[in-house]
Amino acid sequence: MASVTAPATKASTNKESYYTAGQAQLIWSRFKRNRAAMISAILLLFFVIVGIFAPFISPYAPTIAGKDPDYLNGAPQILRFWDENGFSIVPFTYTVERTRSAATNLRWVETINKEERRYLRFFVKGWDYYLIDFFIDLPGRNYDVRWRALKMDRHLFGMDKGFIHFFGTDKDGKDLFSRTVHAVGISLAIGTVGVILSFVLALIIGGIAGYFGGWIDGVIQIITDAVRVVPTIPLYMAIAAFLPDDWSAEARFFFISIVLGLLGWPTLARRIRTHLLAERTQDYVLAAKLAGASPRRIISRHLLPSFTSYIIVDLVITFPYTVLAETSLSFIGLGLKDPVNSIGVLLKNATNVDVMLNYQWQFIPVPIFIILVLAFVFVGDGLRDAADPYAQGKK
Amino acid sequence: MAVITLFLVSFIVFGLMELVPGNCAERYVAYKNTQGRASISEADIRAEEIRMGLDKPFVVRWFNWTKDVFTKGYLGESCLRRTSVNQILQDKFWISLGLTLAALLVSYLIAIPVGMFSSTIRNSATDTTFRFISYLGLALPNFMVALGIMLFSTLYFGDTLTGLFSNEFRDAPWSTAKLLNFLSRAWMPALILGWSSTALQLQTVRALMSDENDKLYVTAAKARGLSGAKLFWRYPARQALGPVINSIGFDLNRIFNALPIVATILTLNEAGFILLESLAISNDQEVAGAIIFLLTVSIVFLNFITDVLLGIIDPRIRKGMI
């Protein structure tokens, strides 16, 4: 008897946990089943962590301060465990010496000295950095906010002497690995600021249009349409064109992300409006109105939660487009400029004939960028599938 | 509606161009200065401004510009090149529009079938592969694809495939041969642009189809015994295509965004390239403004057509229910 009831109780607890689960739990349980999305989510998490801890992970400063003067345009270095001189448990690379003399026609010549080994070390001391570095840098000194904490000088890895360059170096001898790691962080930060800004704008504008409807909606729709039909990249370009050249890199960074945010709202605003228009005639809104709730309260407490999942999905979907916009802007030369490390800047540096023919390792940021964008798109799709309330019947 | 949008757009564009620092009078005087005139005074610039009509208030100039555009089709004069913008652009804008439309077609030809197919076999290996390939277009930077194809065609065909025409056709008037020559080269930018803009449409189609597929009316139709292609096309597909048609104008916009970069790499001498050049390099506000405006006019026009089309297809829209 007991053996017969056991599976039944199990099924009923399953059912019960299904019915009592919150929206987030349901979405998560469905999301977990989607393998492509899960892999992408893990990759994405990895990128975010890399971006946040960029100074810790990168062995050298990504600026000119961290350059390796003896290794310009240097090829990636590979760690070895053994060579003809014997085996070592601690991985090592060789020392590169750069010399110039009459014998070499006064040109710099790099030679690898196999006798001089450099050994890999973990948690080495290197350049100083702040683990938490939050800044708002607007043009004009008075508005700058910089909040830093946790000064550190330990880095994940380094060499006992000299440098190691996993991704090689660029023409100034800057470590490409460090630059790439920082670029991931900066590009993600720009995307985040841009997406949050456009999200807030979309919420306000779409919320007002959808809730009030009527002529307010009409006017807002005309404006939204006008902003939406103006092609974005030329608009970015026009706005970026009057960024003064003397602005600091950080100020440019903020300006670009604000521009991306200011122009990104129409699509989301329209979606929010459509949802609200459909929802506002529902009985629960009427009930809230009769109970004396203010419009703000009805929008934020009753209407918006009814499609939070859609909004999140939309945000994840728009994210890669914001990152892409930054990339193409920087590529044209109107976005971020060289001392800053964004993916767009790295891609721009890689796109010249000299690099293509001689220093192919400078393309390493490209596949990383591709993986980042793909991960975002797949996570967006996975979230959308998971948030779809009608999909449960199938499984 | 469309006319109001156009007016607003012309205002935004004109305002943007106004925001760019420096005006034509300053440039002209500065240019004259390099030609041997001794010094520039504030008065010189003011005099030049009055001669060019730049002293009038912003609204008046905007109104004049808009009036010229709508009544005479005259787009103003380029400050830098001292000729009318119409002269500079000639047929180049039409070439760009043609390229963009071709790219739009390519991206729909990929997005709609793949999106529909993908929604019916959600999350299987085939679905993931198909989506992976289409999203790769988004993730691969346009200029990389363009450079890659260029390199490939140089190595294997011995021709870089850059430019819009071969040398012998560059300055020739339009003819069938020139058109064929154009088409033999235009497929590449169209393909690159189309592929790169597929992702968003694909996501939209897939999302809409998934939504519709799971809805109760589809279940009801299944219960009535409908199945296969008939069920698919009569119910979910028809519903899902509405928003896609609705977004044609904005998709055109997105594709045009990518055009300048591809045009630069492939050295296509068309409006996207001129736009980039006038914004990023020569700061030629009038030309840039005119191109952006022409593009928005095309988008508004397309939106108008799709609205009418949607009204014909979907009776609910005609009655203003959505």
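Since every read-out is calculated from the coordinates, none of them should be taken as a lab result. Values in this document were obtained by computation on a predicted structure and should not be read as measured data. In this analysis, Cβ positions are derived from the backbone assuming ideal geometry, glycine residues included, and neighbour counts consider all displayed protein chains.
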Next on the checklist: Please list, ordered by chain and number, the residues whose modelled amide H lies under 5 Å from the amide H of A:G168; skip anything fewer than 5 residues away on the same chain.
Outcome noted: A:Q77, A:L176, A:F177
Next on the checklist: Over 18 Å between Cα atoms: which of A:K125/A:K171; A:K348/B:K92; A:K67/A:K171; A:K32/B:K215; B:K67/B:K92 fall into that group?
Outcome noted: A:K125/A:K171; A:K348/B:K92; A:K32/B:K215; B:K67/B:K92
Checklist entry - Averaged across the residues of B:211-224, what count of C-beta atoms belonging to other chains lies within 10 Å of each residue's C-beta? => result 2
Checklist entry - So how far, in whole Å, is the C-alpha centre of the range B:211-243 from the one of the range A:189-233? => result 32 Å
Item to check | Exercise: per-residue mean of other protein chain Cβ atoms within 10 Å, B:197-207 | outcome: 3
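Could you line up A:I364, A:I299, A:I256, A:I89 from fewest to most neighbouring Cβ atoms inside 10 Å?
Working: A:I364 19, A:I299 23, A:I256 27, A:I89 8.
Neighbour counts put them in this order, fewest first: A:I89, A:I364, A:I299, A:I256.
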Next on the checklist: Cut-off is 10 Å between beta-carbons; in what order do A:R271, A:R228 appear when sorted fewest neighbours first?
Outcome noted: A:R271, A:R228
Checklist entry - Using the Cβ atoms and a cut-off under 15 Å, what net charge is assigned to the surroundings of A:V184, where Lys and Arg are +1 and Asp and Glu are -1? => result -1
Checklist entry - Net charge near A:A209, counting Lys/Arg +1 and Asp/Glu -1 over other residues with Cβ under 14 Å of its Cβ? => result +2
Checklist outcome for this item: For peptide A:370-381, the mean count of other chain Cβ atoms within 10 Å per residue Cβ is 5
Checklist entry - What is the order of B:T126, A:T63, B:T120, fewest Cβ neighbours within 10 Å to most? => result B:T126, B:T120, A:T63
